[in-house]
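Below you'll find the structure, written out as structure tokens, and then a few comments.
Nothing in this text is a laboratory measurement; each read-out follows from the coordinates by a stated rule. Keep in mind it's a predicted model, so treat the numbers as computed, not measured. In this analysis, Cβ positions are derived from the backbone assuming ideal geometry, glycine residues included, and neighbour counts consider all displayed protein chains.
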Amino acid sequence: MNKSTLVCAAALCLSAACADPRAANELIKPVYNKQTGKLEQLTADRDHDGKIDTRAYMDGARLKFIEIDRNNDGVPDRWEYYTPARPSDPKHPSAGSDFDKSTRLERAEEANGPDGKITRREFYVDGVIARVEEDTDFDGKVDKWEVYEHGALVRMDLDLSGRGTPDRRFIYGRGGALDHVEIDPTGTGDWKPAPTDPPASASAKRPGGSRP
């Protein structure tokens with residue numbers, strides 16, 4: 001495949017993004033392999049500060065994964081991994097990236113701590129978020145688990161005691177409103193209604209600051 005063909009392929013991948021004038025100004029640029037001429041990367045400056053903050057790794061016209069520098073420190077802190085989408089299905093609308101609409105997001109990882117280690121892992125089904133595991137205090141152990149249905153948070157489990165398993169469970173209803181709280185003080189999986197309101201430390205871990 002020659003370079004002009006690859007440019008056309010890249011343009012097709014970016015057609016949805018470039019339809020938006022603001023997206024067109026994100027300075028999306030292709031990077032080609034010097035030996036083969038094959039498209040390897042698409043880079044973008046999404047906050048218009050003159051620095052590349054998003055880098056999509058390509059296999060020709062096919063997107064493999066994206067790395068993002070969210071805080072502009074020059075180091076990627078979010079990684080998104082994509083898989084080829086299934087044929088068009090009205091029950092599963094496309095959830096592809098702007099870099100390649102023929103893919104679906106399969107999983108993502110974030111490094112939110114001071115040492116660059118992965119602290120949050122998101123898992124997707126048909127491009128829609130299904131569950132999350134997160135280390136909120138950066139001690140190397142998961143202490144928050146989220147479960148989603150149709151992209152909406154329905155349950156959040158927290159390990160407030162540091163034992164390695166959840167001891168408090170928040171159940172959410174329609175619209176994301178908290179429905180009730182349960183506790184498992186013994187770690188046996190025998191969840192019971194919580195006798196008191198959730199402590200302030202639990203409320204601090206409610207999703208919002210981190211990406212869902």
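Label E109 and R163 with points 7 Å out from Cα along Cα→Cβ: what is the distance between them in nm? That separation, rounded to one decimal, is 3.0 nm. Of the cross-linked pairs K64/K141; K38/K101; K51/K144, those separated by over 22 Å at the C-alpha level are K64/K141; K51/K144. Straightening the chain between V147 and R121 buys 8.1 nm, computed as 0.36 nm per residue apart minus the Cα-Cα spacing.
When each of the peptides 54-66, 112-124, 169-181 is scored by how many other beta carbons lie within 10 Å of its residues on average, the order from highest to lowest is 54-66, 112-124, 169-181. Oblate is the label for the range 108-163, because the ratio a/c of its alpha-carbon gyration tensor axes (a ≥ b ≥ c) is 1.5 or higher and a/b is not greater than b/c.
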